[in-house]
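Structure first, commentary second.
The values are calculated or read from the model by the stated rules, or taken from the named source; none is laboratory data. From a predicted model like this one, the values you see are computed outputs, not experimental measurements. Backbone-built Cβ (ideal geometry, glycine too); neighbour counts: all protein chains shown. The accessibility values were calculated without ligands, DNA or RNA, using every heavy atom of the protein model including side chains. Shrake-Rupley method; radii C 1.70, N 1.55, O 1.52, S 1.80 Å.
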Amino acid sequence: MAEWLYEAGIGEARAALIEDGHIIEARIEREGERPRVGAIVAGRLIEPGVVRLDLPGDPVATVAAKGVPLGTRLAVEITRMALRERGRDKPARGRLSDAAPDDGPDLRARIAASGLPVTDLAPTGPDRLPDRLEEAGWSDLIDHVRTGHWPFAGGALWVDATPAMLLIDIDGDGDPLALAQAGAAAAAHVVRCCDIGGSIGIDFPSLPGRAERQAVDGWVDAHFPQPFERTATNGFGFLQIIRRRERPSLIEQVRFDPVATDAALLLRQAERAVGAGPLQLTARPAVAQWIGAHPHWISMLERRAGRAVAIAADAQVKGTGHAQ
């Protein structure tokens, strides 16, 4: 039976739906990612259709408010979180509400609402060893997200998030129809695992025959998580899917905020470091500065690790850095 693993990390909560020892869905929620979907937030209409929300950082949300004078105080229910894209950001989207203020369901509440069992993991105590998230492939998953390279038997996917759509290229040798079938299943896994919404373009091997292209359409319908709309596969092997998009995907969170990604991974590594004496975190300057700008993270790490923490910036360090 599938089971959610949940970890309240430092600066980032993470969850993975595990089935047969493998991650089939992965989610992260970073500290400060507000407002959440379902939140009821007060704010002020600062221009037509734009409300400045009463939250740290003064974020805005777009809302249909025809005929409402500028400066009016409003309550907004968030229907889509703010999104980060390459070269631009999109503000949150909402609708007017008369409900009481609410933060909206966090990651822990959302996975609990699935009805599947949830196991809360801890970096210390009986859950520390083994690291169940790591055993299921958490680090490998993040590496695939970073590189955009997702191997499968007989080929690989190349995944890239563009402002227009998320593109998935199916690459490999051998029989094009067999590659297309395997690629459809692999692409469906990535979409579900990373919670990808919005416009998705899939480049299948070129299949000149109409029957073969219809077979691809059938595989997409059978494998991809519903609901979605799609085009038919054209003669060039291209198919477009549209899925509902309420939150940033794991790909957007990891790839468009690499400093926060490496900081969270380094703090996770530090929580599990074994040894005595001061706990030394070494990272490239941007990551060291990001962690240092959140002193409560350092205090939390010291409590969890039972050790004093020191942070060193090293321009020669690549990637996540190390803790020892």
| request: Give the residue, chosen from Ala293, Ala283, that is on the phi < 0 side of the Ramachandran plot, open to solvent by 60 Å² or more (accessible area, probe 1.4 Å), at pLDDT 95 or above and among the small types (Gly, Ala, Ser). | output: Ala293
| Taking the range 296-321, which residues are without any contact (Cβ under 8 Å) to a residue 40 or more places away in the chain, open to solvent by less than 70 Å² (accessible area, probe 1.4 Å) and of a type in the set (S, T, N, Q)? | Ser299
| message | Every residue in the range 220-250 that is buried (at least 16 other Cβ atoms within 10 Å of the Cβ), within 10 Å of Gly197 (Cα to Cα) and among the hydrophobic types (A, V, I, L, M, F, W, C), please. | response | Ile241
| request: Report, by residue number, each residue of the range 65-90 that is assigned to a loop (DSSP other than H, G, I, E, B), in contact with a strand residue (DSSP E or B) (Cβ under 7 Å, 6 or more places away or on another chain), more than 14 Å from Gly198 (Cα to Cα) and in contact (Cβ under 8 Å) with a residue 24 or more places away in the chain. | output: Ala65, Leu70, Gly71, Thr72, Arg86
| task | Name every residue in the range 65-90 that is more than 15 Å from Gly32 (Cα to Cα), under 21 Å from the mean Cα position of the chain (by Cα) and of a type outside the set (A, V, I, L, M, F, W, C), in order of residue number. | result | Thr79, Arg80, Glu85, Arg86, Gly87, Arg88, Asp89, Lys90
| Tally time: how many residues in the range 1-43 are of a type in the set (Phe, Trp, Tyr) and either open to solvent by 40 Å² or more (accessible area, probe 1.4 Å) or touching a Lys or Arg at 6+ places or on another chain (Cβ under 8 Å) (or both)? | 1
| remark: Considering residues that are within 17 Å of Leu265 (Cα to Cα) and either at pLDDT 95 or above or part of a loop (DSSP other than H, G, I, E, B) (or both), the number found within the range 303-313 is 5
| task | Within the range 146-173, count every residue that is open to solvent by 30 Å² or more (accessible area, probe 1.4 Å), not in a strand (DSSP E or B) and not hydroxyl-bearing (Ser, Thr, Tyr). | result | 7
